[in-house]
Amino acid sequence: MKGILYTGGELTDLVSFARLPSYLQAFLREQNGVVAYFGGLHLRGCVAEPGWHSLAEAWQGPAAFWRTYAQVLETDIPFGQDCAGNQFLLRGDAVLWLDTETGELADLEVDFKHFLFGAEKFPLDALGMEPLRAFQQSGGVLRPGQLLSIYPPSCMATTQQAPSLKAIGAPERLAWLADFHRQIKDLPDGQSISLKPL
């Protein structure tokens, strides 16, 4: 992988590690998660700290994705995320993509190995890195533990020319996305919501 900003340290969460499929265990033994492509892809590790890198926190913690998003199962493994906080999940051997704004779940029709291969070969398309590229071209930098805040949200029609992009802490971004999703999931057509950018 290119543009590596962070690699996880020692495997300290052996309980979560034991629950993972063997191919994910093999990957995490080599490097216990990674932030690659200059923040375009974050693969979580089996650690207690830092919390933003913890697979257990995303999988079973108070803000676990299955607690907010109806289509996500408790058994889905949230192994990674893109620069904006959309999630990559394992369900069986299939890699799924969760749009954290709308809650839509898409089967990427690849297994973990081919997901990594696609990300390496075509990172811009496979990881939806256009917003990150625009952010970088304006001098922005994502640091480990940060995600890209995109405002207004990508799913909203807007007359504004370009969205506002800024780096914020991953927990804050994911909490904002979960709150936004809760507001729009049952929203009747024509109903408005109040949004505050981060």
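The values are calculated or read from the model by the stated rules, or taken from the named source; none is laboratory data. The structure displayed is predicted, hence computed values, not measured ones. A quick note on method: Cβ atoms are made from the backbone with ideal geometry, for glycine too, and the neighbour counts reach across all protein chains shown. Side chains are part of the model used for accessible areas, which takes the heavy atoms of the whole protein and leaves out ligands, DNA and RNA. Shrake-Rupley method; radii C 1.70, N 1.55, O 1.52, S 1.80 Å.
Suppose the chain between Arg182 and Ser22 were pulled fully straight at 0.36 nm per residue; how much longer would it get relative to their current alpha carbon spacing?
Extra length available between Arg182 and Ser22 comes to 54.1 nm.
Rolling a 1.4 angstrom probe over the protein heavy atoms, how many square angstrom per residue are accessible across the chain?
About 52 Å² of surface per residue is accessible.
How large is the accessible surface of Lys2 in square angstrom, using a 1.4 angstrom probe and rounding to the nearest 10?
Rounded to the nearest 10, that gives 140 Å².
Pop out the ³J(HN,Hα) list for the range 4-14 in order, Karplus 6.51 cos²θ - 1.76 cosθ + 1.60 with θ = phi - 60°, rounded to Hz; leave Gly and Pro as x.
So the J values, rounded to whole Hz, are 6, 9, 7, 10, x, x, 5, 5, 10, 9, 6.
Per residue of the range 174-185, what does 6.51 cos²θ - 1.76 cosθ + 1.60 with θ = phi - 60° give for ³J(HN,Hα)? Whole Hz please, x for Gly and Pro, Karplus curve as stated.
5, 5, 5, 4, 4, 5, 4, 4, 4, 6, 9, 4
So for each of 18-26, 43-51, 171-179 I average, over its residues, the number of other beta carbons within 10 Å; can you give me the resulting order with the highest mean first?
Descending packing order for the listed peptides: 43-51, 171-179, 18-26.
For Leu41, which sequence-distant residues (separation of 5 or more, or a different chain) have an amide H within less than 5 Å of its own amide H, given hydrogens modelled in the peptide plane?
It is Ala36, by chain and number.
Would you please classify the overall shape of the range 38-90 from the alpha carbon gyration tensor, given that a ≥ b ≥ c denote the square roots of the eigenvalues, rounded means a/c under 1.5, and beyond that prolate means a/b larger than b/c while oblate covers the rest?
It comes out oblate by the Cα gyration axes.
So what are the ³J(HN,Hα) numbers for the range 82-91, from phi and the Karplus equation (6.51, -1.76, 1.60; θ = phi - 60°), rounded to whole Hz, Gly and Pro as x?
With coefficients 6.51, -1.76 and 1.60, one gets 8, 5, 9, x, 6, 9, 10, 10, 9, 10 Hz.
By its C-alpha gyration tensor, with a ≥ b ≥ c as the square roots of the eigenvalues, how is the range 4-163 shaped: rounded for a/c under 1.5, else prolate for a/b larger than b/c, else oblate?
prolate
Considering only His53, His42, His114, give the residue with the highest GNM mean-square fluctuation for the chain, with springs between Cα atoms whenever their separation is below 10 Å.
In this elastic network of the chain, the residue with the biggest mean-square fluctuation among His53, His42, His114 is His114.
Please find, in a Gaussian network model of the chain (springs between Cα atoms separated by less than 10 Å), the residue of Ile150, Ile184, Ile77 whose mean-square fluctuation is greatest.
Per the Cα network of the chain with a 10 Å cutoff, Ile184 tops the list.
Could you order peptides 87-97, 103-113 by the average number of other Cβ atoms within 10 Å of their residues, highest first?
Details: 87-97: 18.6, 103-113: 14.7.
Put in order of decreasing packing, that is 87-97, 103-113.
Under 10 Å from the Cβ of Arg91, count the other residues' Cβ atoms, weight Lys and Arg +1, Asp and Glu -1, and hand me the total.
It works out to a net charge of -3.
If I build a Gaussian network model for the chain, linking alpha-carbon pairs within less than 10 angstrom, which residue out of Gly33, Gly139, Gly169 has the largest mean-square fluctuation?
Greatest mean-square fluctuation among the candidates belongs to Gly139.
Indicate the gyration tensor shape class of the range 92-136 (rounded, prolate or oblate), computed on the Cα atoms with a ≥ b ≥ c the square roots of the eigenvalues: a/c under 1.5 is rounded; otherwise a/b larger than b/c is prolate and the rest oblate.
Note, shape of the range 92-136 comes out oblate.
About the Cα centre of the chain, how large is the charge dipole given +1 on each Lys and Arg Cβ and -1 on each Asp and Glu Cβ? Please answer in debye to the nearest 20.
480 debye
Using a 1.4 Å probe on the protein chains only, how many percent of the accessible area of the range 87-174 belongs to carbon and sulfur?
52 percent
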